[in-house]
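The values are calculated or read from the model by the stated rules, or taken from the named source; none is laboratory data. Please read all numbers here as calculations on a predicted model, not as lab measurements. Quick reminder, even Gly has a Cβ in these numbers, built from the backbone with ideal geometry, and neighbours come from all protein chains shown. SASA here: full protein model, heavy atoms, side chains in, ligands and nucleic acids out. Shrake-Rupley method; radii C 1.70, N 1.55, O 1.52, S 1.80 Å.
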Amino acid sequence: MWTLFKVIRWIITGLALWWLCGVVFEEGTTADGAVFGLMLFGQLVFWPLALLWGLPWLFRRRTPKLKKHRPGEFEPTVSHDHIALDLGRDTIWVRDPVKGERYLRRAEVLAIRTGEYNYKGVVTHRLEVQVRDVVHPLWLVPFVRHSDRWLKSTAVNETERDEWFARMKAWLTETRTI
């Protein structure tokens, strides 16, 4: 399909340039007339050809995204945009927009709490995961799946954050009782 499109695109380009040269460089045309003709009729040819050649760039094929996790190392039981829980391996995965991604065992997590950040009326709900690490002791997991500009969406983000907070509290207290 793309090969046929490319062939047709070359044919249209050639015909358009042939027409342009035929119109501009007629017999008896002066140099000033040729320049004026190129400017005038060139607009009729240039913009459609620019669209014809630029359109495929808009619809170019992008390489598929790689999976977040390797199945041999981490298989999420429950996941969200910036946090996932693997009950089989007893591990969580967190993504902090500033610090990056990290896998944490249950013993590495010291505490978890909820938090929110309000900047110019936009509320960002988050989980704050405190871990056993001297370099990065606090990981912020944002819940921004739904637009924070609307009141209902902010409530949905807050509900998802509270659900994950309850899930993580249950996961943390499970080992301490065993």
Suppose every K and R has +1 on its Cβ and every D and E has -1 on its Cβ; what is the size of the dipole of the range 1-135 about the Cα centre, in Debye to the nearest 20? 680 debye
Quickly work out the F41-to-K6 label distance, labels modelled 7 Å from Cα along the C-beta direction, and quote it in nm with one decimal. 3.1 nm
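Using a 1.4 Å probe on the protein chains only, how many percent of the accessible area of the chain belongs to carbon and sulfur?
Details: 8130 of 12670 Å².
Reported share for carbon and sulfur atoms: 64 percent.
With every protein chain left in place, what is the accessible area per residue of the chain in square angstrom, probe 1.4 Å? Before the final figure, lay out the partial values.
Numbers: 12670 Å² over 178 residues.
On a per-residue basis, 71 Å².
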Spatially near lysine pairs across the chain, Cα under 28 Å, sequence gap of 8 or more or different chains: 10
What is the helix-to-structure angle for 2-24, meaning the angle in degrees between its Cα long axis and the longest Cα principal axis of the chain, kept from 0 to 90 and rounded to the nearest 10? 40 degrees
I'd like the accessible area for K169: 1.4 Å probe, protein heavy atoms, all chains in place, Å² to the nearest 10. 90 Å²
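Longest segment of the chain with no chymotrypsin sites (Phe, Trp or Tyr not before Pro) in a DSSP loop having at most 10 other Cβ atoms within 10 Å?
Numbers: sites that count: F59, W150.
Looking at the chain, 60-149 is the longest stretch - no exposed chymotrypsin sites (Phe, Trp or Tyr not before Pro) with at most 10 other Cβ atoms within 10 Å.
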Candidates for Rg and Dmax of the Cα atoms in Å are (1) 29.6, 98; (2) 18.2, 52; (3) 25.5, 83, and the calculated one carries label (1)
Given L127, A31, L44, which one lies farthest toward the positive end of the charge dipole of the chain, if we put +1 on the Cβ of every Lys and Arg and -1 on the Cβ of every Asp and Glu? L127
Quick one: compute the contact order of the chain, relative version, from alpha carbon pairs under 8 angstrom and 6+ residues apart, as a percent. 11 percent
Between L49 and S153, 0.36 nm times their residue separation minus their Cα-Cα distance comes to what? 33.1 nm
Take the alpha carbon gyration tensor of the range 85-168, find the square roots of its eigenvalues, order them as a ≥ b ≥ c, and report rounded if a/c is under 1.5; if not, report prolate when a/b exceeds b/c, else oblate. prolate
What length, rounded to one decimal in nm, is gained on full extension from F59 through to L15, with 0.36 nm per residue of separation minus their alpha-carbon distance? 13.4 nm
Would you grab the residues whose amide H sits under 5 Å from the one on V78? Only those 5+ places off in sequence or on another chain, please, with H modelled 1.01 Å from N. L85, L87
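Looking only at Cα atoms, what is the convex hull volume of the range 82-132 per residue, in Å³?
On the way: hull volume 4.1 nm³, N = 51.
For the range 82-132, the hull spanned by Cα atoms encloses 81 Å³ per residue.
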Just to be sure I understand: with springs between alpha-carbon atoms less than 10 Å apart, which residue in A166, A111, A16 has the highest mean-square fluctuation in the Gaussian network model of the chain? A16
Once label points are set 7 Å from the Cα along Cα→Cβ at both D162 and D81, what is their separation, rounded to one decimal in nm? 2.0 nm
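About its Cα centre, what dipole magnitude does the range 1-63 give when the only charges are +1 on Lys and Arg Cβ and -1 on Asp and Glu Cβ, stated in debye to the nearest 20? Please list the in-between numbers first.
Numbers: 5 positive and 3 negative charges, 155 e Å.
Value, rounded to 20: 740 debye.
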Which residue, P56, P142, P76, has the most motion in a Gaussian network model of the chain that connects Cα atoms within less than 10 Å? P56
If one compares the long axis through the Cα atoms of helix 151-177 with the longest principal axis of the Cα atoms of the chain, the angle in degrees, nearest 10, works out at 40 degrees
